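Engineer: I'd like to ask some things about the structure below.
The values are calculated or read from the model by the stated rules, or taken from the named source; none is laboratory data. Since the structure is predicted, the reported quantities are computational estimates derived from the model, not experimental observations. Here the Cβ positions follow ideal geometry from the backbone for every residue, glycine too, while neighbour counts run over all protein chains shown. Accessible surface is based on the protein model in full, side chains and every heavy atom, while ligands, DNA and RNA are left aside. Shrake-Rupley method; radii C 1.70, N 1.55, O 1.52, S 1.80 Å.
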Amino acid sequence: MKAKLAKISVALTKDGRLITCEWFNTPLTDAEGRVIGITSLVQDITPRVQAELLLRQSEHRFTRAFNASPVAIGITTLEAGRFLDANDMLLKLLDYRREDVIGHTAAELNIWVHPEERARLMDQVLASHRVRDYECQFRTRAGDVRRTLVSVELIELENEPSLLFLTHD
């Protein structure tokens, strides 16, 4: 027989601590296939569970700050400039809806008034991993031009180089 899926439980240690355990149980069978016992492997996964909780809390705090920020914030892939996320202030600045932006590149949306500015900005980001107050112009959906100051940080999301940028109109 095959091992059963892991089971998670909480246990009380001799010294009174609660720990989270992960159990792997495998039936022992005789030559005829009858179950004659069980082997168990148990592992204390308390540190992993605590780390996962802290990560979820951190992600929740970031999401709340990202969405509540009065500053226009976006996250794009480094190479193509494909939008992974954008807060409401960035959408308002550029006059786009979320579904019009996420998954699309800045080039597809024709956001850069001077596309060569993005190339210069990317050169600076690659050289120093961050750029502060880079002056550039963005085009809104209606074609209006916004003079902006952009600060960019090179980050990694899911093993892909990405850009976190803050834009001031």
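Engineer: Can you pull out every residue in region 137-154 that is in contact (Cβ under 8 Å) with a residue 24 or more places away in the chain and in a loop (DSSP other than H, G, I, E, B)?
Structural biologist: Once the filter is applied, which keeps residues that are in contact (Cβ under 8 Å) with a residue 24 or more places away in the chain and in a loop (DSSP other than H, G, I, E, B), region 137-154 yields THR140, ARG141, ALA142, ASP144.
Engineer: Another one. Report yes if LEU84 is over 25 Å from GLU160 (Cβ atoms), in contact (Cβ under 8 Å) with a residue 12 or more places away in the chain and part of a strand (DSSP E or B), otherwise no.
Structural biologist: Values: over 25 Å from GLU160 (Cβ atoms): no; in contact (Cβ under 8 Å) with a residue 12 or more places away in the chain: yes; part of a strand (DSSP E or B): yes.
Spelling it out, it is not the case that LEU84 is over 25 Å from GLU160 (Cβ atoms), in contact (Cβ under 8 Å) with a residue 12 or more places away in the chain and part of a strand (DSSP E or B).
Engineer: Got a number for residues in region 137-160 being surrounded by 12 or more Cβ atoms within 10 Å (Cβ to Cβ) and either modelled with pLDDT of 95 or more or among the small types (Gly, Ala, Ser) (or both)?
Structural biologist: Residues that pass the stated criteria total 14.
Engineer: Of all residues in region 122-136, which are open to solvent by less than 40 Å² (accessible area, probe 1.4 Å) and in a strand (DSSP E or B)? Please lay out each step first, then the result.
Structural biologist: The initial filter retains those residues of region 122-136 that are open to solvent by less than 40 Å² (accessible area, probe 1.4 Å), namely 122, 125, 131, 134, 136.
If the condition is that a residue be open to solvent by less than 40 Å² (accessible area, probe 1.4 Å) and in a strand (DSSP E or B), then VAL131, TYR134, CYS136 are the ones that fit.
Engineer: Say whether the condition of being farther than 30 Å from LEU164 by Cβ, hydrophobic (A, V, I, L, M, F, W, C) and touching a helix residue (DSSP H, G or I) at 6+ places or on another chain (Cβ under 6 Å) is met by at least one residue in region 30-47. Even if it seems obvious, please write down each step before you answer.
Structural biologist: Initially, region 30-47 is screened for residues farther than 30 Å from LEU164 by Cβ, giving 30-46.
This time we only want the ones that are hydrophobic (A, V, I, L, M, F, W, C), so: 31, 35-36, 38, 41-42, 45.
Remaining after also requiring touching a helix residue (DSSP H, G or I) at 6+ places or on another chain (Cβ under 6 Å): none.
Scanning region 30-47, I find no residue that is farther than 30 Å from LEU164 by Cβ, hydrophobic (A, V, I, L, M, F, W, C) and touching a helix residue (DSSP H, G or I) at 6+ places or on another chain (Cβ under 6 Å), so the answer is no.
Engineer: Being of a type in the set (D, E, K, R) and open to solvent by 100 Å² or more (accessible area, probe 1.4 Å) is the filter; apply it to region 8-58 and report the residue that is nearest to MET89 (Cα to Cα).
Structural biologist: Within region 8-58, the first condition is being of a type in the set (D, E, K, R), and the residues that meet it are 14-15, 17, 22, 30, 32, 34, 44, 48, 52, 56.
Adding the requirement that they be open to solvent by 100 Å² or more (accessible area, probe 1.4 Å) leaves 14-15, 17, 32, 34, 48, 56.
Working: LYS14: 54, ASP15: 52, ARG17: 46, GLU32: 68, ARG34: 65, ARG48: 36, ARG56: 24 Å.
This residue is ARG56.
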